[in-house]
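Asks: Have a look at the structure that comes next, please.
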Amino acid sequence: MKNLAVACLLLFSLNQDIPAGTPFTGRWVVRADNGDGTFRETVLALDQRGSTLTGRIINPTNEQPIVDGVVTGDNATFAVVTGRPPNQRRAEYRATRREISLEVAVTRPGQKPQSMIATRGPANAGDAPARIEPPALHRVPDNGLARTPPMGWNSWNHFRGRIDDATVRAIADAMVSSGMKAAGYTYVNIDDTWEAGRDTSGRIQTNRKFPEMKALADYIHGKGLKLGIYSSPGPRTCAGYEGSYGHEEQDARTYAAWGVDYLKYDWCGAARLYKDDEMQAVYQKMGDALRASGREIVYSLCQYGRNEVWTWGPQVGGHLWRTTGDISDSWESMTRIGFGQDALAPHAGPGHWNDPDMLEIGNGGMTNTEYRTHMSLWAILAAPLLAGNDVRNMSPETVAILTNREVIAIDQDSLGTQGRRVRTVGETEIWDRPLANGAHAVGVFNRGQAASRVNVRWSELGLEKNVRRVRDVWSQRDVERAGADYDVEIEPHGVVLLRLDR
């Protein structure tokens, strides 16, 4: 998910003067104020041997080895490389001693410098806590929730760390007034950055953006909606806040006491302690804790499709699991993710859903035509529908896309079968999703930049007989058809979504 990287210009201030020639060796701690009473720490663990500088940059959720480190007098240059080919990114650091400070200029592609202050830290600054061995594997019983894909809203795509109690309440109000609640959107999900530390008993605390989570849950419930929350199996969340590591049962009981109805559990910080092949056991631990909490809570696994989560997600009590990295508000991202889900169809069904990430509809990075394609594809995929926009300020077009009852009915179909790709011709694709009572949803997609005419043959869908009604669910009109096929022209990046009843 989400890497709130700090950097570009860092200012390291020491508690005492630094004599010329003093080695850079040591742990240097940056405490960045999150603006909510919490801090994010980044540690530079430096080791100078003559003119060579090595070490690590330790973030709350990962460690990056220093490369190409060279010291020349009171100056040092070094770099870190993140990502994997072909998407590697190199950050260049230049450190210069001052009278009572160490200035480190950091250059990253496409980013502007920022400045922060840090002090020399203890020898173990940034070290991960002692590893807790994962439990033995067993099956967590199904609690009967999420028989259709969850629908609701999540704060991250639009608000990220700017989310707070007042905004969540206003979002809930808008979900009611806009018709989203009436259309089936139920969950109001707070993503990362709500957490503070723990009290003396180990109980998780909220930061000053969320003064009383129980009162917020009561407000949400009073609107006829449900509250979702976020955590990580690691010591820290993706944004560097308090995770659930070592406190799984305690946190699950706290969520239940607050009235939480949905948990998104994000791998991030757990990667410092566990390997991918230990994910199942680690997620099982929270699955057990939620089951024992005394409250029915939907369990959303967020680990980016690693370790073939769809093969074991139901066994840990999961109701949905991310199948990809994070979506962004672009045609390229949405189509790469959405059209890449075909092979996972056998793993979806009532109570367990493939999750290609949240909706970007209304965030402004795509056209309304492209957003209709987004919504249509997610409906064909039987995907969770979690809006990620500011629902307080929606255009009529955005409301119409998100609340189209006929599209939602396809997504929420009780049969729970995920659609599959039937045919690809050039830039066009035909997808078919079987529905209850013998009906079918057919998506005809044009991924190209020019209009395209597509011929749909009923025989290739196994529907050459007994199709009594063809319905275009975006135009909300029945289609007159003659013969054994259907011919339609589709605008660039557009879709025709049909419902066929037999």
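Every number in this text was worked out from the coordinates using simple rules, so none of it is lab data. Computed from a predicted structure; not experimentally measured. Virtual Cβ from ideal backbone geometry, glycine too; neighbours counted across all protein chains shown.
Asks: Length gain on complete extension for the stretch Asp74 to Asp277, per 0.36 nm per residue less the alpha carbon to alpha carbon distance?
Replies: 68.6 nm
Asks: Then there's this: Using the beta-carbon distance between Ser395 and Ser177 and R0 = 22 Å, what value does 1/(1 + (r/R0)^6) give for FRET efficiency, to the nearest 0.05?
Replies: 0.90
Asks: A further question on this structure: May I ask you to derive the relative contact order of the chain, considering only C-alpha pairs under 8 Å and at least 6 residues apart, and to give it as an integer percent?
Replies: With pairs under 8 Å counted, the relative contact order is 12 percent.
Asks: Now for a separate question. Among residues other than Arg423 whose Cβ falls under 11 Å from its Cβ, what is the net charge (Lys/Arg +1, Asp/Glu -1)?
Replies: So the environment of Arg423 carries a net charge of 0.
Asks: Rounded to the nearest 20 Debye, what is the dipole magnitude of the chain about its Cα centre when Lys and Arg each give +1 and Asp and Glu each give -1 at the C-beta?
Replies: Dipole magnitude for the chain comes out near 160 debye.
Asks: Still on this structure, I have one more. What relative contact order, as a whole-number percentage, does the range 388-470 give when Cα pairs under 8 Å and 6 or more residues apart are counted?
Replies: 18
Asks: Looking at the calculated P(r) for the chain, what percent of the C-alpha pair distances fall above 39 Å?
Replies: Distances greater than 39 Å cover 32 percent of the Cα pairs.
Asks: Another question, then. How big, on average over all directions, is the shadow cast by the Cα convex hull of the range 307-417, in nm²?
Replies: Dividing the Cα hull surface by four gives the mean projection, 7.0 nm².
Asks: Starting at the first residue of the range 42-56, write each ³J(HN,Hα) from the Karplus equation 6.51 cos²θ - 1.76 cosθ + 1.60 with θ = phi - 60°, in whole Hz, x for Gly and Pro.
Replies: Running phi through 6.51 cos²θ - 1.76 cosθ + 1.60 with θ = phi - 60° gives 10, 10, 9, 9, 9, 9, 9, 10, x, 9, 9, 10, 10, x, 9 Hz.
Asks: How much of the DSSP bridge set in the chain is antiparallel, in percent, rounded to the nearest 5?
Replies: In the chain, DSSP labels about 75 percent of beta bridges as antiparallel.
Asks: Next question, about the same structure. Rg to Rh for the range 420-501: what is it, with Cα atoms only and Rh by Kirkwood?
Replies: Rounded to two decimals, Rg/Rh equals 0.94.
Asks: So what's the angle, to the nearest 10 degrees on a 0 to 90 scale, between helix 248-258 and the longest Cα principal axis of the chain?
Replies: With both axes taken from Cα atoms, the answer is about 60 degrees.
Asks: Taking the dipole about the Cα centre of the chain, with the C-beta of Lys and Arg at +1 and of Asp and Glu at -1, give me whichever of Asn437, Thr398, Val298 is farthest to the positive side.
Replies: The residue sitting most towards the positive pole is Val298.
Asks: Any chance you could count the Lys pairs in the chain whose alpha carbons are under 29 Å apart, treating pairs 8 or more apart or on different chains as valid?
Replies: 28
Asks: Sticking with this structure for a sec: Rounded to whole Hz and in sequence order, give me ³J(HN,Hα) for the range 431-446 from the Karplus expression 6.51 cos²θ - 1.76 cosθ + 1.60, θ = phi - 60°, writing x for Gly and Pro.
Replies: After applying 6.51 cos²θ - 1.76 cosθ + 1.60, I find 10, 10, 10, x, 10, 4, 6, x, 6, 9, 10, 10, x, 10, 10, 10 Hz.
Asks: Expressed as an acute angle from 0 to 90° and rounded to the nearest 10, what is the orientation of the C-alpha long axis of helix 279-291 relative to the principal long axis of the chain?
Replies: The answer is roughly 70 degrees.
Asks: Separate question: Counting only DSSP beta bridges with both residues in the range 151-411, tell me the antiparallel percent, nearest 5.
Replies: Antiparallel bridges make up about 15 percent of those DSSP assigns within the range 151-411.
Asks: With the crude spin-label approximation of a point 7 Å out along Cα→Cβ, what separation in nm comes out for Ala105 versus Arg89?
Replies: Inter-label distance under the simple model: 2.1 nm.
Asks: Same structure, new question: By how many nm would the segment from Val81 to Gln449 grow when fully extended, if each residue of separation counts as 0.36 nm and the alpha-carbon distance is taken off?
Replies: So the extension gain works out to 128.9 nm.
Asks: Using a Förster distance of 35 Å, how high is the FRET efficiency between Ser330 and Ala215, based on the Cβ-Cβ distance and rounded to 0.05?
Replies: With R0 = 35 Å, the Cβ-Cβ based efficiency is 0.40.
Asks: Using Cα pairs under 8 angstrom and six or more residues apart, how large is the relative contact order of the range 308-353, in percent?
Replies: 47
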